[in-house]
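See below for the structure under consideration.
The values are calculated or read from the model by the stated rules, or taken from the named source; none is laboratory data. All of these numbers come straight from a predicted model, not from anything done at the bench. Note that each Cβ is placed from the backbone with ideal geometry, even for glycine, and that neighbours are counted across all protein chains shown. All accessible areas refer to the heavy atoms of the entire protein, side chains included, with ligands and DNA or RNA removed. Shrake-Rupley method; radii C 1.70, N 1.55, O 1.52, S 1.80 Å.
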Amino acid sequence: MKLIFVETYFDMRRIHYISGLILTGFIGLHLFNHFCSLWGADAHIEVMEALRPIYRNPVSETLLLGCVLLQIITGIRLVVKRCYNTNIFFERLQVWTGLYLAFFLLIHVSAVLVGRLVLQLDTNFYFGVAGLNSFPHCLFFVPYYGLAIMSFFGHIASIHHKKMMCSIMGITPYQQSVSILVLGACLTAVIFYGLTNQFDGVEIPSAYLVLIGK
């Protein structure tokens, strides 16, 4: 019985790791797309339309949705099955960022599907920033999106800290992981700067006002 438990645990870790790698590739493209908002909404949409053939097709979408479900299910089961009574910062960070990412992915993917299939909206730049650029909705969406990006980099930093066994150019694995967190914080600030049109706000087209109850 104990052997079966150990094998199941490691199988879940393997599935979680592989599905995580696939999602990381997509999220990387997604964050790059958001980074392009520094040059305006039109630039963001232009890059998005160039990237969509890669991930918006039946095969890729089925794969991505499957990976999201696997990440949520295996991630929660790994947390339940493993005791995280530890004072090691990056081990605790891995748990909390993973739980938030599970929450975010569930809500965010559901919202996108509702936007596309029910509201018949193009889930483009304006779909993502409608709540971010209106008050009081921004009080929710700023931490909602900000924590998601930071959790993504925090999860990567935690895994890097666990797996990296040597220093690079005198930089220890701990320092490397901290650098990943700093990079995540900087990128979060830059992306918010672009998505809010350099903090001056974005004019939301009328079709998207339904997202903020107007």
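Values for this structure:
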| read-out | value |
| --- | --- |
| Which numbered condition ALA102 misses (of (1) open to solvent by less than 70 Å² (accessible area, probe 1.4 Å); (2) in contact (Cβ under 8 Å) with a residue 12 or more places away in the chain; (3) more than 16 Å from the chain's Cα centre (by Cα)) | (3) |
| Qualifying position, being open to solvent by less than 50 Å² (accessible area, probe 1.4 Å), out of contact with any Asp or Glu (no Cβ under 6 Å at 6 or more places or on another chain), assigned to a helix (DSSP H, G or I) and not acidic (Asp, Glu), among HIS161, HIS155 | HIS155 |
| Exclusive hit being in a helix (DSSP H, G or I), hydrophobic (A, V, I, L, M, F, W, C) and farther than 21 Å from HIS34 by Cα, set VAL182, VAL178 | VAL178 |
| Residue within region 168-177 that is among the small types (Gly, Ala, Ser), closer than 16 Å to HIS108 by Cα, at pLDDT below 95 and buried (at least 17 other Cβ atoms within 10 Å of the Cβ) present | no |
| Pairs, first touching a residue at least 12 places away in the same chain (Cβ under 8 Å) and more than 16 Å from LYS162 (Cα to Cα) in region 10-24, second hydroxyl-bearing (Ser, Thr, Tyr) and crowded, with 18+ Cβ neighbours inside 10 Å, C-beta under 9 Å, six or more apart | MET12/THR74; ILE15/THR74; SER19/THR74 |
| Considering residues of region 162-214 that are of a type in the set (Val, Ile, Thr) and farther than 24 Å from ALA43 by Cβ only, the residue nearest to the chain's Cα centre (by Cα) | ILE180 |
| PHE140 being exposed (fewer than 14 other Cβ atoms within 10 Å of the Cβ) and outside any helix (DSSP H, G or I) | no |
| Test: ALA111 is open to solvent by less than 20 Å² (accessible area, probe 1.4 Å) and aliphatic (A, V, I, L, M) | no |
| All helices (runs of 4 or more DSSP H) inside region 1-105 with 2 or more residues being more than 27 Å from ASP122 (Cα to Cα), modelled with pLDDT under 95 and β-branched (Val, Ile, Thr) | 2-35, 58-81 |
